[in-house]
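Beneath this line is the structure, given in structure tokens, with notes to follow.
The values are calculated or read from the model by the stated rules, or taken from the named source; none is laboratory data. Quick caveat, the model's predicted, so the values are computed rather than measured. Methodologically, a virtual Cβ is constructed for each residue, glycine included, from the backbone with ideal geometry; neighbour enumeration extends over all protein chains shown.
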Amino acid sequence: MAKALANGFLSAGLAKPSGMIASVHPADKVSLQAFQALGVETVVQNAPVVEQAEVVFVSVKPQVVPAVLKEIKPLSRGKLFLSVAMGITLQTIESSLSPESRVIRVMPNIPAVVRSGCSVYVRGSQASDADAQITQRLLESVGTCEAVHESQLDTVTALSGSGPAYVFVMIEALADGAVHMGMPRDLAYRLAAQTVLGAGHMARDSGLHPGQLKDSVTSPGGSTAAALRQLELSGFRAAVAGAVEQATLRCKQISGQK
């Protein structure tokens, strides 16, 4: 995710490679090469990043966040920290850094890689309006961005964080059905992906309720009506809604284990 964000910031002209620095674990050769390909300076320690940067992204696995915060606390005064770590609360982060640091939790998703991400953020107690504006501008360079309450983050993770996986399964299932009816698989994947992309644009931009859009495609007694009946008989709605519910519960469990 850090690489996707960095690439988005550079592509949008919000930063130059010379103005960015990334700390990469020595064993993570893939990330090291990716940042170097962007022309970004890389180091293997966290301190130089915090010393040089005014805006610091904490994009590490949740289980190593406490150690990272402890390491950088002496250098954190006056810095803006944007945490991507799932399940680590604002209170935990703020209490682990200088009282004069500012913290914002952010939750992007994987389509940020192609600058079509869906991101949200939550302001910490010391974060200013200017900090929120910086965060919004950065995240909008890789997609859309919304401000939410921290209590909503588990559901956001289940919906837009895990959501691409649900959609990938949908694309695969659409293609499987077409292949079963004789269509070449590569063509089926292309058509399925573009269909989902186009439908998403319509749902986002038309201003119409998804149900209205569905009805506009459905003729009485037609093939779409037959297909929708099969989806209802198979429990499609309940399965998708249940997936979001189960993912939310799992996020809460993971957060409670920290």
Is one or more of the residues making up region 184-192 outside the structural domain of M107 (by TED's automatic domain parsing), within 23 Å of the chain's Cα centre (by Cα) and over 30 Å from K61 (Cβ atoms)?
yes
Just a yes or no: is a residue in region 184-195 closer than 17 Å to L82 by Cα, in a helix (DSSP H, G or I) and of a type outside the set (A, V, I, L, M)?
no
Take the residues of region 108-133 that are modelled with pLDDT of 95 or more, surrounded by fewer than 22 Cβ atoms within 10 Å (Cβ to Cβ) and among the hydrophobic types (A, V, I, L, M, F, W, C): which is farthest from H149 (Cα to Cα)?
A130
Suppose we keep only residues that are crowded, with 18+ Cβ neighbours inside 10 Å and under 16 Å from I134 (Cα atoms) within region 1-24. Which one would you say is modelled with the highest pLDDT?
M20
Tally the residues that are more than 20 Å from S128 (Cβ to Cβ) and not hydroxyl-bearing (S, T, Y), restricting the search to region 85-106.
4
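Yes/no matrix, rows are residues, columns are (1) within 24 Å of V113 (Cα to Cα); (2) aromatic (F, W, Y); (3) surrounded by fewer than 13 Cβ atoms within 10 Å (Cβ to Cβ):
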| position | (1), (2), (3) |
| --- | --- |
| V148 | yes, no, no |
| Q152 | yes, no, no |
| A173 | yes, no, yes |
| A188 | yes, no, no |
| G198 | yes, no, yes |
| L228 | no, no, no |
| G235 | no, no, yes |
| A241 | no, no, yes |
By residue number, the members of region 207-218 that are assigned to a loop (DSSP other than H, G, I, E, B) and exposed (fewer than 10 other Cβ atoms within 10 Å of the Cβ) are G207
Taking S101 as the residue in question, decide whether it is of a type in the set (S, T, N, Q) and within 20 Å of the chain's Cα centre (by Cα).
no
